[in-house]
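The values are calculated or read from the model by the stated rules, or taken from the named source; none is laboratory data. Values in this document were obtained by computation on a predicted structure and should not be read as measured data. In this analysis, Cβ positions are derived from the backbone assuming ideal geometry, glycine residues included, and neighbour counts consider all displayed protein chains. Just the protein is used for accessible areas: all its heavy atoms, side chains included, with ligands, DNA and RNA removed. Shrake-Rupley method; radii C 1.70, N 1.55, O 1.52, S 1.80 Å.
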Amino acid sequence: MKKVVKFGGSSLADARQFQKVGEIIRSDEDRKYVVPSAPGKRTSGDTKVTDMLYATYAYAEAGNDFTKALAQIKLRYQEIIDGLGLSLSLDKEFEAITENFKKKIGSDYAASRGEYLNGIIMANYLGYEFIDPAEVILFDEKGEFMAKKTDEILSKRLENVERAVIPGFFGAKEDGSIKTFSRGGSDITGSIVARAVKADIYENWTDVSGCLIADPRIVKNPKPISTVTYRELRELSYMGASVLHEDAIFPVRKAGIPINIKNTNAPKDPGTWIVESTARKPAYTITGIAGKKNFCAINIEKDMMNAEIGFGRKVLQVFEENGISFEHMPSGIDTMTVLVHQPEFEKKEQRVLAGIHKLAEPDSIELESDLALIAVVGRGMKAVKGTACRIFAALAHSGINIKMIDQGSSELNIIIGVKEADFETAIRQIYSIFVDTV
C-alpha cells in the first residue's frame, strides 16, 4: 500500500511539530512520500516563513539591504535543525538565495525557498531521498501547469524510489525559472504526487480534525464532516471553505484516489474522507455550508427579453470584454441578474453599464451592492423534499430577506444571496435548522 502525506505549515512550524510529524510518518510503513509546506506560525502573533521571504525579497527588489531579514529566516530553520539534533548545514543554500535575491530573479523563487529548505530538513530527518520539484513539476512559458507532462516525468522519477520528500507549492517553467502555485498550493503538489505514484490514499495533515459543516468562527462548535465527495468539496472550497486548496481535487479525482484530512496534533482522530462517490448515507440532509462576501448584482430589465434572441450573449459579452467573470446569472421573463465580485466590478462599472446599454438596449439597469453568497451543499438534498422550503423558513424566522436563490441541476447545492449584514446570522440559522434540530 502507498500513502502520500502532505503536512501544512502549522504542522512544521518548529522542531517540536517536526517531531510529531516524524512519529506520524514512522508509525505507518505505508507513508512513503512526504510533501512538506514551509514553516507556519509558532504562535498567533508569529509570522509565516513564506511571508518573511516575500518581505525580504521586496527589500532586495527595492535595492535595500536585506541581509538582516534573511538572517532571521535562517535562524528559524537553524532552530528546527538544532531542536531535532541534526548535523545539517544550510549555509550553501542561503548563499545561493542571497545571490539570487541580488539578481532579483523573482518573487516566486523567493516564496518557494520556504518549502525547499523545509524539504531538505525533512529528508535529512527521515532519511528519505530529497527530490527538487523544479525538476519534476512543470509549467509552460505562460505559467500554466503542465499536468500530463508532469505526471509522465514525476512517475518515471519516482518509479524506483522507495521513500522520498518532495516539497510543495512550486515547480519550474521549461526555461528553469521557478513558478509557484497560488497560496496553499502544497495541497496541489501532494495531489500531483499521489497521482504519479498511483497512491492508495492521499493524507493531508493540518491543524484541524477534518472538514466542519460550517465555519467555526461563525457557528460555535460545528459538527465534523465524516465523508464528503469531490463534487461537494469543490462547491464548498469555491465558496470559501479553506481546509483544502480547491485545485488539489482534480489530479486525485481523475485517478480515483481518496483524500483523508487529518490533524497532526490529534492523529488518532478519524478526520474527513474525501471520495469520488459513496453509498454512505450522510448524517444530515446537508454536508456543509460556506459563503463569501463582496458581491454586487446588476439587475437588467427589458420588456419581451425572453423573445429576443442573443440578449444574454450581448450582456455577457460586455463583461467578457472588460475582463470580468460572473458568479451566477438568475433570470426571469423580462429580467436578468448578473452577480459579480464587487471589488472587480467597481473599477469598471461605468464602462460595463455603458456597454450593456449600447449592445443590449435594456429598459433599465439597477445595481445592488454589499451582497453575500451562501452555498448549502449536500448529496443528501436530492432525496429529501422541502430543503429549499426549510432554508426559506429559517431565514424568514430571523427576518432575513433572500436577494437571490439558484439551484444547480444536479441538486447538489443551493446558492442563496443575502445582504452582507445578514451573512453570519443566515449561516447560523441554516446550520441550526438542518443540524441542531435533527
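Hey, can you tell me all the residues within the range 202-226 that are in contact with a Ser or Thr (Cβ under 7 Å, 6 or more places away or on another chain) and either surrounded by fewer than 20 Cβ atoms within 10 Å (Cβ to Cβ) or among the aromatic types (Phe, Trp, Tyr) (or both)?
Our first condition is that a residue be in contact with a Ser or Thr (Cβ under 7 Å, 6 or more places away or on another chain); within the range 202-226, this holds for 202, 205-207, 210-211, 224-226.
Across the range 202-226, the qualifying residues are Tyr202, Trp205, Asp207, Pro224, Ser226.
On the stretch given as the range 207-246, residues that are within 11 Å of Thr287 (Cα to Cα), in contact with a Pro (Cβ under 8 Å, 6 or more places away or on another chain) and not aliphatic (A, V, I, L, M) total 3.
If you check Gly355, Gly386 for being of a type outside the set (D, E, K, R) and modelled with pLDDT of 95 or more, only one passes: Gly355. Among the residues of the range 160-175, those identified as modelled with pLDDT of 95 or more and either β-branched (Val, Ile, Thr) or open to solvent by 50 Å² or more (accessible area, probe 1.4 Å) (or both) are Val161, Glu162, Arg163, Val165, Ile166, Lys173.
Table: residues versus (1) within 14 Å of Arg113 (Cα to Cα); (2) among the hydrophobic types (A, V, I, L, M, F, W, C); (3) open to solvent by less than 40 Å² (accessible area, probe 1.4 Å); (4) at pLDDT 95 or above.
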site: Arg31; (1), (2), (3), (4): no, no, yes, yes
site: Val34; (1), (2), (3), (4): no, yes, yes, yes
site: Leu53; (1), (2), (3), (4): yes, yes, yes, yes
site: Tyr57; (1), (2), (3), (4): yes, no, yes, yes
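So Lys293 passes all but one of these: (1) open to solvent by 20 Å² or more (accessible area, probe 1.4 Å); (2) part of a strand (DSSP E or B); (3) over 25 Å from Arg234 (Cα atoms). Which condition number does it fail? If we test Lys293 against (1) open to solvent by 20 Å² or more (accessible area, probe 1.4 Å); (2) part of a strand (DSSP E or B); (3) over 25 Å from Arg234 (Cα atoms), just (3) comes out false. Within the range 398-411, one or more residues are open to solvent by 60 Å² or more (accessible area, probe 1.4 Å) and either among the aliphatic types (A, V, I, L, M) or part of a strand (DSSP E or B) (or both). Scanning the range 355-387 for residues that are assigned to a helix (DSSP H, G or I), in contact with a helix residue (DSSP H, G or I) (Cβ under 9 Å, 6 or more places away or on another chain) and surrounded by fewer than 16 Cβ atoms within 10 Å (Cβ to Cβ) yields one hit, Lys358.
What number of residues within the range 313-339 are open to solvent by less than 60 Å² (accessible area, probe 1.4 Å), touching a residue at least 24 places away in the same chain (Cβ under 8 Å) and under 20 Å from Lys403 (Cβ atoms)? Here the count works out to 12.
Within the bounds of the range 77-91, is there any residue that is of a type outside the set (Val, Ile, Thr), in contact with a Ser or Thr (Cβ under 7 Å, 6 or more places away or on another chain), open to solvent by 30 Å² or more (accessible area, probe 1.4 Å) and not in a helix (DSSP H, G or I)? Don't jump to the end; show me each part of the working.
So in the range 77-91, the residues of a type outside the set (Val, Ile, Thr) come out as 77-79, 82-91.
Among the residues that remain, those that are also in contact with a Ser or Thr (Cβ under 7 Å, 6 or more places away or on another chain) are: none.
Within the range 77-91 (the criterion being of a type outside the set (Val, Ile, Thr), in contact with a Ser or Thr (Cβ under 7 Å, 6 or more places away or on another chain), open to solvent by 30 Å² or more (accessible area, probe 1.4 Å) and not in a helix (DSSP H, G or I)), the answer is no, since none of the residues qualifies.
Checking each residue in the range 157-195 for being in a helix (DSSP H, G or I), out of contact with any His (no Cβ under 6 Å at 6 or more places or on another chain) and of a type outside the set (A, V, I, L, M, F, W, C) picks out Arg157, Ser186, Thr189, Gly190, Ser191, Arg195.
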